[in-house]
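The structure appears below as structure tokens.
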Amino acid sequence: MQVKFIALLGHKDHGKSTLIGSLLMQTGAATKVRIKEAEEYSKRLHKAFEPAFILDSFAEERLQEMTIDTTRAEIKHRNLAFALIDVPGHEELIKNMISGASYGEIALLLVSAKRDEGIRDQTKRHLFISRMLGIDRLVVAVNKMDTVGYDEGRFMEVKEGLVKFIEKIGFDTPNVAFVPISAYKGENLVRKSRKMRWYSGKPLLDALYVSATKTNKTQDGALRIIAQGVIPGKKGNLIVGRVISGKIKVGEKISILPLGIDAKTRAIIVKNRSVGTGNVGENVALELDTPISGNPRGAVISGSRDKPAVKDAVKLRIFVTGKFGDGMTAKFNGIDIPCKGIRVLRSVSTTTGDADKSKTAKALEAAEAELRLARKVPVENYEVTKELGRFVLYRKGKFVGIGTVMT
């Protein structure tokens, strides 16, 4: 069964953990033991039953009523499995949010319809980060509809308040689904709610299914394999790596960048079996007609004609979490590359999407910048190849930002 990763985004207390707990129960994925445990914790805290307690793993999360780390839960629907990644909504835990959202293929944003909650800065910041990380599929769940009497007017108010921002940061709004729900009451999650007959769309899981089954371009893209190392073979070393785009065939001419090696594939091994073709998502071991020496970890294997650019100066959009300066390192394809310098070109607000000419990089905002590296690396625009278009930046061992390649 194919697994689709969904990053569950939203401001704190807007109901992300409650939603997953309710989905686990409604789809039969939550065991009786977990449900009973959640009931006992609810009683201990003198609360009505809280579905979120099915999900939260740590006692301190239950006591603080917040998610402090990324958490995953798997829900099966039709012929797919949805791996829901619940990420923290608190501003102080934004680094954890980035870690969780970076795995997502689809963003599921929760916005509370409750009158004193609604759209917040953190709501928009989560959207901005997810789009910057390359997520282009979005479902917006307008939650807590039970608190406003399942009012269509309030649903439309929240929807209209987000549409312009969603457009500005690059989502294709005709393909964005807005679904009114009550996670706590379990309304409009798996089946259409009778309390919102005015809503003509699909319930939440079906809306996610439609988004998840849209065409994936990576299979038809140019060949890209990220090398992980070499292993001994009968006819010399085999180079091993994961196919992230396109496919590779026996007899195909390839290039290994930035090593400058051109070769032809003699054999392809997948799961200890010789095959004629290696496809997207597979770990392959390649026997080449050219010897491979040293450790090629982090190198990129491409077709001999359609190659990624190889650069030591890269234009990035960066979400800033710390202070830039000397001693920075960029992690790319699992390897660390020292930085020679960084020049901020302009800053971008993560809550409005507006850019200005400021040359400073402020925490929790974004910046467009030119990053100079100590050596050349193969890169592509993040919109073309996600894995070749992202850097994580560190300074003196501390995480200071995540960047996506613009050119």
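The values are calculated or read from the model by the stated rules, or taken from the named source; none is laboratory data. From a predicted model like this one, the values you see are computed outputs, not experimental measurements. FYI the Cβ positions are ideal-geometry reconstructions off the backbone, even for glycines, and counts take in every protein chain you see.
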Matching entry among Val158, Val140 (being outside any loop (DSSP other than H, G, I, E, B) and within 20 Å of the chain's Cα centre (by Cα)): Val140
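Take the conditions surrounded by 13 or more Cβ atoms within 10 Å (Cβ to Cβ), modelled with pLDDT of 80 or more and either within 22 Å of Gln122 (Cβ to Cβ) or of a type in the set (Gly, Ala, Ser) (or both) and apply them to His11. Does it pass? Give the steps one after another, and end with the answer.
Details: surrounded by 13 or more Cβ atoms within 10 Å (Cβ to Cβ): yes; modelled with pLDDT of 80 or more: yes; either within 22 Å of Gln122 (Cβ to Cβ) or of a type in the set (Gly, Ala, Ser) (or both): yes.
Yes: the conditions hold for His11.
Out of Lys307, Lys315, Lys340, I need the residue that is in contact with a strand residue (DSSP E or B) (Cβ under 7 Å, 6 or more places away or on another chain), at negative phi and not in a strand (DSSP E or B). Which one? Give the steps one after another, and end with the answer.
Values: Lys315 fails: not in a strand (DSSP E or B); Lys340 fails: not in a strand (DSSP E or B).
Only one candidate qualifies: Lys307.
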Criterion (at pLDDT 90 or above, buried (at least 17 other Cβ atoms within 10 Å of the Cβ), within 24 Å of the chain's Cα centre (by Cα) and outside the structural domain of Asp356 (by TED's automatic domain parsing)) met by exactly one of Gly278, Gly241: Gly241
Condition met for Val140 (of a type in the set (Val, Ile, Thr), touching a Leu at 6+ places or on another chain (Cβ under 6 Å) and farther than 19 Å from Lys114 by Cα): no
Yes/no for Phe399 being closer than 30 Å to Asp306 by Cβ and under 20 Å from the mean Cα position of the chain (by Cα): no
Hits in region 172-195 - residues which are buried (at least 16 other Cβ atoms within 10 Å of the Cβ) and either within 12 Å of Val140 (Cα to Cα) or of a type in the set (Gly, Ala, Ser) (or both): Val176, Ala177, Phe178, Val179, Pro180, Ile181, Ser182, Ala183, Gly186, Ser193
Filtered residues of region 100-128 (kept if modelled with pLDDT under 85 and hydroxyl-bearing (Ser, Thr, Tyr)): Ser102, Tyr103
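Residues that are in a loop (DSSP other than H, G, I, E, B), within 16 Å of Ala227 (Cα to Cα) and either assigned by TED's automatic domain parsing to the domain that holds Val384 or not small (Gly, Ala, Ser) (or both): does region 258-275 have at least one?
Of the residues in region 258-275, the ones in a loop (DSSP other than H, G, I, E, B) are 258-260, 271-272.
Cutting the leftovers down to within 16 Å of Ala227 (Cα to Cα) gives us 258-260.
Add one more test, that the residue is either assigned by TED's automatic domain parsing to the domain that holds Val384 or not small (Gly, Ala, Ser) (or both), and what stays is 258-259.
Yes - at least one qualifying residue is present in region 258-275.
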Filter result (at pLDDT 95 or above and closer than 24 Å to Val392 by Cα) within region 132-154: none
Only one of Leu316, Leu288, Leu223 that is of a type in the set (A, V, I, L, M), more than 26 Å from Asp136 (Cβ to Cβ), in contact (Cβ under 8 Å) with a residue 24 or more places away in the chain and out of contact with any helix residue (DSSP H, G or I) (no Cβ under 6 Å at 6 or more places or on another chain): Leu288
